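What follows is a set of notes on a single structure, which appears directly below.
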Amino acid sequence: MTQPDNPGNARTQEIRTQIQQLSTEYHELTRGQTTRHHRPDFKMPSGACFDAEDRTEAVLAALDLELSGGQAVVDFERALSKTIGMRSSIACNSGSSANLLAFATLCDPSLDGHIEPGAEVITSAVEFPTTVSPILQYGCVPVIVDADPKTGNLDLEALEDALSPRTRAVMSAHTLGGPYRADHVREFADSHGLWFVEDNCDALGADIKGRPTGSFGHLSSLSFYPAHHITSGEGGCVSAESVQVAAVTRSLRDWGRDCWCAPGEDNRCMSRFDRKLPGLPEGFDHKYVFSRVGYNLKMSDLQARVLMSQLQKSDAFTEVRNRNWKILNEYLSDTPGIDVLTSAEGTGPSWFGFAFILDEQAKLSRSQLQVALEEAGIGSRVVFAGNITAQPMLRGRRARTIGDLPVANRITRDGLWVGVYPGLSQEDMHYMGKRIRKLITDGR
Ligand SMILES: Cc1ncc(COP(=O)(O)O)c(C=O)c1O
């Protein structure tokens with residue numbers, strides 16, 4: 001826990017300790033509740049899970065007025081790189097920003113082998129919209145393959161068919177926490193000289209043959225929105241396997257600046273005032289040299305401190321998520337009328353939700369089931385954008401589809417997911433399993 005600047009001041013320390021104790025007491029009295037649903041026992045599909053330590057860390061960070069990005073962000077980036085097994089991480093303000101930064105990095109002219117407008121990028125038909133948006137935002141063409149009927153993720157069998165002389169990258173998510181074989185995608189990418197962006201937003205804690213998801217792409221992304229495995233409210237992160245690539249991402253996150261000084265640091269390059277750059281006056285302050293067309297997508301220290309506290313609990317969260325998923329699976333895997341989406345062979349999931357597709361034996365349609373579930377106090381969600389080609393966002397945009405996308409269409413029409421997040425107890429899961437099974441087999 002960060003200490004105040006003036007630890008010698010006994011009164012400051014005393015106040016700090018009192019605030020810490022009061023925050024813990026407040027947390028215990030409110031039983032840590034963060035859900036704002038008007039029905040207290042409603043089984044939300046997702047939600048933030050904070051303990052007293054997280055709350056206290058947020059309160060102390062506010063007390064320290066650590067409101068912009070600084071050392072806590074750097075510490076969190078290091079801890080995350082270690083967790084994922086990547087060389088470098090660049091924290092940012094959302095998972096969508098992480099995907100944008102990852103793709104912008106690959107399109108940056110300073111990067112060897114960068115992607116040019118008009119290039120094709122292979123992605124799955126069933127994605128979160130902002131996995132696909134950066135491809136379009138950078139003038140590239142998404143090449144959309146169908147979802148795998150077993151996992152709902154990118155169908156690896158379709159990759160060869162999607163390839164063309166213009167293909168430059170694969171970008172796809174481990175949707176809802178059940179991984180696809182990203183190791184196979186990386187082999188495919190390497191054998192064709194492609195970049196691979198692994199959207200790991202839904203899958204922190206998952207693995208492929210023991211190696212963490214998020215470590216297979218040249219770049220990978222995470223989201224820290226409350227639905228995700230660890231949260232800071234809003235937040236995200238890009239991880240990169242190469243420090244050179246990470247430097248481009250960091251620059252793009254930080255206004256496109258050339259300087260690589262950490263926040264609050266000056267003159268790391270030892271030549272801040274004596275550079276000669278074409279077009280700029282001699283000695284122009286290196287801190288204000290912009291070598292890329294960038295953004296400001298930074299994370300604050302307050303968020304990073306909450307995330308550091310959350311990260312300590314990440315394995316425990318995954319354990320509960322997977323336990324909850326298994327309870328539902330016991331009720332639903334053999335239930336007629338429903339196909340449960342599972343993870344690929346050889347992978348260890350870190351479930352974000354329990355997803356399934358209804359078939360013709362189901363007694364209710366998907367929307368009838370959603371209404372009945374609401375009445376039963378069970379929140380549900382469709383599988384993100386469904387078939388992304390059916391979404392208005394793709395209208396009038398250049399995209400290429402591989403085949404008729406029958407699985408994605410089925411997911412759009414009949415797919416649904418319910419929660420497994422750690423805010424749900426085993427009792428909740430048994431209730432949900434029984435209720436869902438009955439609704440699908442009896443229609444009531
Ligand atoms: C797979 C995936 N990618 C990206 C995102 C975007 O993350 P954020 O909401 O933090 O922008 C999400 C959001 O849920 C997601 O599920």
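If you look at the Cα atoms of the stretch 14-72, you get an Rg and a Dmax of 14.1, 41 Å. Of the residues Gln20, Gly47, Leu60, the one whose Cα sits farthest towards the positive end of the charge dipole of the stretch 10-63 is Gly47 (charges of +1 on Lys and Arg Cβ, -1 on Asp and Glu Cβ, taken about the Cα centre).
The lysines whose alpha-carbon is closer than 24 Å to the alpha-carbon of Lys363, local same-chain residues fewer than 8 away aside, are Lys43, Lys150, Lys326, Lys434, Lys438.
Highest GNM mean-square fluctuation among Asp64, Asp414, Asp207, for the chain modelled with Cα contacts below 10 Å: Asp64.
Gyration tensor over the Cα atoms of the stretch 314-442: the corresponding equivalent ellipsoid has semi-axes (square roots of 5 times the eigenvalues, largest first) of 26, 19, 14 Å. For Lys209 and Gln244, the difference between the fully extended length at 0.36 nm per residue and the C-alpha to C-alpha distance is 9.8 nm. Over the chain, the ratio between the Cα radius of gyration and 2.2 N^0.38 Å evaluates to 1.04.
Of the beta bridges in the chain, as assigned by DSSP with both residues counted there, near 60 percent are antiparallel. Between Arg11 and Asp75, the modelled labels are 2.7 nm apart [label points 7 Å from Cα along Cα→Cβ]. Under the simplified labelling scheme, the Trp255-His192 pair shows an inter-label distance of 4.0 nm, with each label point 7 Å from Cα along Cα→Cβ. Could you please state, rounded to a whole Å, how far the C-alpha centre of the stretch 64-79 is from the C-alpha centre of the stretch 358-403? That distance is 39 Å. Fully extending the segment from Arg444 to Gln21, taken as 0.36 nm per residue of separation minus the present Cα-Cα distance, adds 147.4 nm. Of the GluC sites (Glu not before Pro) found in the stretch 346-384, those in coil by DSSP whose Cβ has at most 15 other Cβ atoms within 10 Å are Glu360. Once backbone amide H atoms are built at 1.01 Å from N, Asn387 has Thr412 as its partners under 5 Å, excluding neighbours fewer than 5 places away on the same chain. In this structure the amide hydrogen of Val170, modeled in the peptide plane, comes within under 5 Å of the amide hydrogens of Ile122, Trp195, Phe196, Val197, none closer than 5 places in sequence on its chain. If R0 is taken as 60 Å, the Cβ-Cβ distance between Asp334 and Lys287 corresponds to a FRET efficiency of 0.45.
Taking amide hydrogens as placed 1.01 Å from N in the peptide plane, the amide H of Phe290 sits under 5 Å from those of Asp258, each at least 5 positions away in sequence or on another chain. Within the stretch 385-426, which residues have the backbone N less than 14 Å from the label spot 7 Å out from His37 along Cα→beta-carbon, could you tell me? The answer is 417-426, whose backbone nitrogens lie closer than 14 Å to the label point.
Length, then width, then depth: along the principal axes, the Cα atoms of the stretch 211-285 run 49, 26, 21 Å.
Could you work out the Kirkwood radius for the stretch 76-122, taking every pair of different alpha carbons, averaging 1/r and inverting it, reported in Å? Roughly 12.3 Å, rounded to one decimal. Using Cβ point charges alone (K and R +1, D and E -1), the dipole size of the chain about the Cα centre works out to roughly 600 debye.
Spin-label model, Ala376/Arg87: points 7 Å from Cα along the beta carbon direction are separated by 5.1 nm. Compared with the alpha-carbon gap, the fully stretched path from Gln391 to Ser68 is longer by 112.7 nm at 0.36 nm per residue.
Spatially, the stretch 124-191 and the stretch 221-235 are offset by 22 Å when compared through their Cα centroids.
Restricting the chymotrypsin sites (Phe, Trp or Tyr not before Pro) of the stretch 208-274 to loop positions (DSSP other than H, G, I, E, B) with no more than 11 neighbouring Cβ atoms within 10 Å leaves Phe273.
Taking every alpha-carbon pair within the stretch 71-299, the share separated by more than 30 Å comes to 24 percent.
We did not get these values from a lab; they are worked out from the coordinates using the rules stated. Small disclaimer: the values here were computed from a predicted structure and weren't measured. Cβ: placed from backbone, ideal geometry, glycine included. Neighbour counts: every protein chain shown.
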